[in-house]
Amino acid sequence: MASKHCTSRSLFGSLLQTTPHRSTALPPPFLLPAFAQSTPFSTTSPVSSKPTKKWNNSTRGMSAIKRSGLNKRIKLSVDLAKLPRPVLDPSLRSQVQVDPNHGLYGFFNTTRDALMSPEQLHAHGRGWTVQELRVKSWDDLWRLWWVSALEVNRIKTYEQERERVRAGYGAYEAEGRLKEVRSTQKAVRHVLTERWYAWEAARVAAVEDPEVDLFPPSGGRGFVPGRGNEEEDVKTEKLPFQEALGSYQPGVGSGQQPTAP
Amino acid sequence: MATELATQSARAPFKLGLKQVHLPTFSISLHHTPHLSPSYAQFSVPLWFSKLDLRDYLYNAYAVRCVSIRSYIKLQRLTQGSPTGLNGESNPRPQYKRWHRPRSLKRMTVELESPFVWPEELGREVLDEKFDKGQMERATRGQEEMQKGMGSDGDTVVDETRRRRMREQAKELLEGRSKWKPVADQAFGRISGR
């Protein structure tokens with residue numbers, strides 16, 4: 001609603017604009033000078049008849065904290081009455097389709113039980129011994145390590161769930177199973193460490209051994225039997241500084257007094 | 001090996017790390033979180049673990065793809081007792097005034113690309129049969145009652161069963177339904193020579 005300031009000009013102006021009846025067409029003559037005024041009564045400039053200024057802030061007055069609701073200018077694409085409602089009863093909700101090959105099933109046993117009973121946990125053999133693992137290749141040992149690691153994760157997952165649900169007994173059986181798995185991992189690490197020490201000892205020995213060439217040329221053999229025996233074939237080429245020195249050998253006393261230049 | 005890495009990195013949804021860990025010694029466990037949506041999975045991870053580590057671990061070990069990961073560290077409350085048990089015992093005994101704060105726990109919540117629902121929980125009958133839940137509850141309750149009597153205000157503990165039996169025995173004696181007998185102690189007569 002536009003509110004106009006009421007000036008005498010506007011009031012009388014509206015009177016003049018009305019279509020007068022013929023009998024009451026003109027005002028009385030003594031009032032004519034008043035209507036002929038060009039200057040308005042008020043010294044303040046008249047209010048323009050332009051429409052009201054647009055809001056600078058479209059969210060003026062809207063507050064989530066004060067629960068003011070939405071402004072009239074805001075138009076929603078959704079009708080508030082037609083909003084979807086949550087299904088509060090869990091039994092009426094749609095079931096989630098789980099991928100049968102989901103990776104997280106790796107945290108469960110083959111029968112995918114929610115909990116492993118004490119009997120199931122106790123049904124395990126002994127861990128691998130060092131003697132049995134010494135003959136295994138790196139690939140086999142590495143695979144065995146990871147199988148053990150995933151089993152450890154599995155046991156810990158079931159332990160955590162058993163405690164959450166307060167199912168009952170099973171801590172002792174889980175501990176025993178975990179112990180065997182860890183002993184397998186320890187044996188694997190033991191065998192790999194033994195192999196590394198053997199390799200390191202061999203490498204250190206090879207550095208000194210003349211029959212072993214640690215940096216053979218491509219296509220050449222690392223082990224050349226009888227390589228160090230033929231000393232006459234081994235000719236040491238003189239380096240530039242040795243040629244410059246000539247017969248002088250540093251560190252060897254000549255027995256002669258140095259001659260003055 | 002290089003070609004294997006190359007093909008794996010071509011398929012991975014994120015940039016794989018260059019550091020290869022062949023024999024990891026840590027472990028992670030999956031939590032059952034019925035309060036969370038099936039799109040989320042929560043794990044207990046080592047304290048030094050990062051979100052990137054978990055994402056990499058799940059992708060390589062379990063072929064599980066993550067959208068996002070949240071982590072938080074759960075501070076443990078102060079406990080009385082030695083931080084480490086004697087001879088590697090798992091639950092060290094509480095010791096008076098020897099306070100310490102156990103190591104904090106780190107939990108990570110992962111948003112999965114494909115949803116996962118925990119297998120159906122076991123009912124009470126199955127738990128009683130396989131885990132002996134009833135027996136465990138009775139044993140725990142008995143232990144708690146015993147510990148109450150051994151505490152500093154143990155003299156305030158009242159055994160209602162004993163009181164009721166005493167009342168019943170007194171009533172029986174007064175009404176003549178039972179006869180008083182001395183307490184049977186086998187060694188009493190022999191020691192005193194009577």
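Quick note: the coordinates plus some simple rules give every number you see, no bench work behind them. Everything quoted here is computed from the prediction, not taken from an experiment. With ideal geometry, Cβ positions are generated from the backbone for all residues, glycine too; neighbour counts draw on all protein chains shown.
Residue by residue through region A:239-247, which ³J(HN,Hα) values in whole Hz follow from phi under the Karplus form 6.51 cos²θ - 1.76 cosθ + 1.60 (θ = phi - 60°), with glycine and proline marked x? Taking θ as phi minus 60°, the curve returns 7, x, 5, 5, 5, 5, 6, x, 8 Hz for region A:239-247. So what does the Cα-only Debye profile of region A:37-182 read at q = 0.19 Å⁻¹, as log10 I(q)/I(0), no solvent term? The calculated log intensity ratios at q = 0.19 Å⁻¹ are -1.23. Projected onto planes of every orientation and averaged, the convex hull of the alpha-carbon atoms in region A:128-208 covers 6.2 nm². Both radii were evaluated on the Cα set of region B:67-180; the Rg over Rh quotient, with Rh as the Kirkwood radius, amounts to 1.20. Inter-chain Cβ neighbour count for A:102-111, averaged per residue, equals 5 (cutoff 10 Å, partner chain atoms only). Packing order of peptides B:160-169, B:134-143, highest average first: B:134-143, B:160-169 (average count of other Cβ atoms within 10 Å over each peptide's residues). Stretching the chain fully between A:A81 and A:S68 yields a gain of 2.8 nm (0.36 nm per residue, less the alpha carbon separation). Shape of region A:53-112 from the C-alpha gyration tensor: prolate (a/c of 1.5 or more and a/b above b/c, with a ≥ b ≥ c the square roots of its eigenvalues).
Inter-part distance, region A:115-151 to region B:34-80, computed on C-alpha centroids, equals 25 Å. 3J(HN,Hα) couplings calculated from phi for region B:126-133 with the Karplus curve 6.51 cos²θ - 1.76 cosθ + 1.60 (θ = phi - 60°) are, in sequence order, 5, 5, 5, 6, 8, 10, 6, 5 Hz; Gly and Pro show x.
Classify region B:124-175 as rounded, prolate or oblate from the Cα gyration tensor: take a ≥ b ≥ c as the square roots of its eigenvalues, call it rounded if a/c is under 1.5, otherwise prolate when a/b beats b/c and oblate if not. Oblate, because a/c is 1.5 or more while a/b does not exceed b/c.
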